[in-house]
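*Asks:* What follows is a structure written as structure tokens; I'll ask about it next.
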Amino acid sequence: MRTTGQRLYIAAILAILVVLAGCASNPSGTGHDELQTSSDQTDSQKRARTHLQLAIDYFEHRQMNVALDEIKQTLSVDPDLSDAYSVRALIYMDMGETRLAEENFQHAMRLSPNNPDLSNNYGWFLCRNGHPAESITYFEAALKNHAYHSPAKALNNAGVCSSKLKDSAAAERYFMRAFKYEPGNPSTSANLAKIYYDRHDYERARFYIGRVTKADVLTADVLWLAIKIEHKLGGLSTEVSLATQLRRRHPDSPEYAAYQRGAFDE
């Protein structure tokens, strides 16, 4: 099962642009620039995008070698396609190939320096690899770009990285902004619940975790947090119900082992 942090990572992957959005000359000859659409693409650009989409599909299905081969096919057709380097960077990041991921992110950003999705994804790469303070700059750059259509992703990532920096106030601000954009995002609510639990604000923690526990699929870390919140508030019946779910869904998890030994304050 994916943890809250892993769900945010998957969200970062899905932020990749797979539709060309560069400027092209207006075919009507008016002299104005327009966003390029699929009808403006050459046959080679369309082939490159097809290979890139296949790479993303294989990546999502954890077929890394096939995904990397599709990236090679993409770049053989269009060697300056920044999204291809961005996807390859994410694949290498997932494989733990940090140096190769860094090289591909840097090349992608040279080709497309104002791409907000690249800024977000590179920020997440930095955060995951021990540079959370540096990552915030890239999340903020994505958020300042008016062309960015997924601000909740960058806000969530900035919140996670602020938490790594032990800056609870900044994390709360980022998560609350993300919540306003996507109130139904379970990762945002779980992260807010954790912040308020750590502050001993158990009623607010209960409010946000309650939005998560309505989901059909619950990870062990979310269930354990919900159990601890109910334990602090004396909600015994709800605590027992959540513990039953934890035992049924995640019997071998560290969270269930912690529940069995009553380690509510570890």
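*Asks:* Outside any helix (DSSP H, G or I) and within 26 Å of Arg199 (Cα to Cα), is that true of Gly159? Even if it seems obvious, please write down each step before you answer.
*Replies:* Working: outside any helix (DSSP H, G or I): no; within 26 Å of Arg199 (Cα to Cα): yes.
It is false that Gly159 is outside any helix (DSSP H, G or I) and within 26 Å of Arg199 (Cα to Cα).
Conditions (1) in contact with a Ser or Thr (Cβ under 7 Å, 6 or more places away or on another chain); (2) surrounded by 23 or more Cβ atoms within 10 Å (Cβ to Cβ); (3) not hydrophobic (A, V, I, L, M, F, W, C), marked per residue:
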| residue | (1), (2), (3) |
| --- | --- |
| Glu182 | yes, no, yes |
| Ala190 | yes, yes, no |
| Ala193 | no, yes, no |
| Asp201 | no, no, yes |
| Phe207 | no, no, no |
| Ala226 | yes, yes, no |
| Leu236 | no, no, no |
| Thr244 | no, no, yes |
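*Asks:* Pairs please, first residue from segment 208-236 and of a type outside the set (A, V, I, L, M), second anywhere and assigned to a helix (DSSP H, G or I) and crowded, with 22+ Cβ neighbours inside 10 Å, Cβ atoms under 6 Å, 6+ apart in sequence or on different chains.
*Replies:* Sorted first by the residue in segment 208-236, then by its partner, the pairs are Tyr208/Ser189; Tyr208/Leu192; Tyr208/Ala193; Arg211/Ser189; Thr213/Ala226.
*Asks:* Yes or no: His146 over 17 Å from the mean Cα position of the chain (by Cα), of a type outside the set (Phe, Trp, Tyr) and at pLDDT 95 or above? Talk me through it step by step, then tell me what you get.
*Replies:* Working: over 17 Å from the mean Cα position of the chain (by Cα): yes; of a type outside the set (Phe, Trp, Tyr): yes; at pLDDT 95 or above: no.
Judged against the criteria, His146 is not a match.
*Asks:* Scan segment 167-184 and give yes if some residue there is in contact (Cβ under 8 Å) with a residue 12 or more places away in the chain, of a type in the set (S, T, N, Q) and within 30 Å of Asn114 (Cβ to Cβ), otherwise no.
*Replies:* No; the residues of segment 167-184 include none that is in contact (Cβ under 8 Å) with a residue 12 or more places away in the chain, of a type in the set (S, T, N, Q) and within 30 Å of Asn114 (Cβ to Cβ).
*Asks:* Would you please list the contacts, defined by Cβ atoms under 7 Å and residues six or more apart or on different chains, that run from a residue in segment 147-163 that is without any contact (Cβ under 8 Å) to a residue 40 or more places away in the chain to a residue that is outside any helix (DSSP H, G or I) and not aromatic (Phe, Trp, Tyr)?
*Replies:* What qualifies is Ala152/Glu182; Ala152/Asn185.
*Asks:* Does Ser135 satisfy the condition of being within 26 Å of Ser112 (Cα to Cα), in a helix (DSSP H, G or I) and among the hydroxyl-bearing types (Ser, Thr, Tyr)? If you could, list the steps in order and put the result at the bottom.
*Replies:* Working: within 26 Å of Ser112 (Cα to Cα): yes; in a helix (DSSP H, G or I): yes; among the hydroxyl-bearing types (Ser, Thr, Tyr): yes.
Taking the combined requirement at face value, the residue satisfies it.
*Asks:* Hey, among Ala171, Ala263, which residue is among the aliphatic types (A, V, I, L, M) and touching a Ser or Thr at 6+ places or on another chain (Cβ under 7 Å)?
*Replies:* On the way: Ala263 fails: touching a Ser or Thr at 6+ places or on another chain (Cβ under 7 Å).
After ruling out the rest, the residue left standing is Ala171.
*Asks:* Can you find a residue in segment 208-226 that is over 25 Å from the mean Cα position of the chain (by Cα) and either of a type in the set (D, E, K, R) or more than 24 Å from Phe179 (Cα to Cα) (or both)?
*Replies:* Of the residues in segment 208-226, the ones over 25 Å from the mean Cα position of the chain (by Cα) are none.
Within segment 208-226, none of the residues are over 25 Å from the mean Cα position of the chain (by Cα) and either of a type in the set (D, E, K, R) or more than 24 Å from Phe179 (Cα to Cα) (or both).
*Asks:* Right, next: Which count do you get for residues in segment 144-156 that are assigned to a helix (DSSP H, G or I) and either among the polar types (S, T, N, Q) or surrounded by 18 or more Cβ atoms within 10 Å (Cβ to Cβ) (or both)?
*Replies:* Number satisfying all stated conditions: 6.
*Asks:* Over 26 Å from the mean Cα position of the chain (by Cα) and either under 20 Å from Cys161 (Cβ atoms) or small (Gly, Ala, Ser) (or both): is that true of Ser237 in this structure?
*Replies:* Spelling it out, Ser237 is indeed over 26 Å from the mean Cα position of the chain (by Cα) and either under 20 Å from Cys161 (Cβ atoms) or small (Gly, Ala, Ser) (or both).
*Asks:* Step by step: first the residues of segment 58-111, then only those that are assigned to a loop (DSSP other than H, G, I, E, B) and touching a residue at least 12 places away in the same chain (Cβ under 8 Å), then the one that is farthest from Asn145 (Cα to Cα). Which residue is that? Break it down stepwise before answering.
*Replies:* Going residue by residue through segment 58-111, those that are assigned to a loop (DSSP other than H, G, I, E, B) are 61-63, 78-81, 96-97.
From the residues that got through so far, the ones that are touching a residue at least 12 places away in the same chain (Cβ under 8 Å) too are 78, 80-81.
Working: Asp78: 26, Asp80: 22, Leu81: 20 Å.
Per the criteria, the residue is Asp78.
*Asks:* Another question, then. Take the conditions surrounded by fewer than 19 Cβ atoms within 10 Å (Cβ to Cβ) and either in a loop (DSSP other than H, G, I, E, B) or at pLDDT 95 or above (or both) and apply them to Asn114. Does it pass?
*Replies:* yes
*Asks:* Please pick out the residue among Ala257, Ala215 that is out of contact with any helix residue (DSSP H, G or I) (no Cβ under 9 Å at 6 or more places or on another chain) and more than 30 Å from Glu134 (Cα to Cα). Steps first, please.
*Replies:* Details: Ala215 fails: out of contact with any helix residue (DSSP H, G or I) (no Cβ under 9 Å at 6 or more places or on another chain).
Testing whether each residue is out of contact with any helix residue (DSSP H, G or I) (no Cβ under 9 Å at 6 or more places or on another chain) and more than 30 Å from Glu134 (Cα to Cα) leaves just Ala257.
*Asks:* I need the full set of residues from segment 125-183 which are within 27 Å of Thr98 (Cβ to Cβ) and among the polar types (S, T, N, Q), in order please.
*Replies:* Hits for segment 125-183 are Asn129, Ser135, Thr137, Asn145, Ser150, Asn156, Asn157, Ser162, Ser163.
The values are calculated or read from the model by the stated rules, or taken from the named source; none is laboratory data. Here the structure is a predicted model, which means the values were calculated and not measured. Virtual Cβ from ideal backbone geometry, glycine too; neighbours counted across all protein chains shown.
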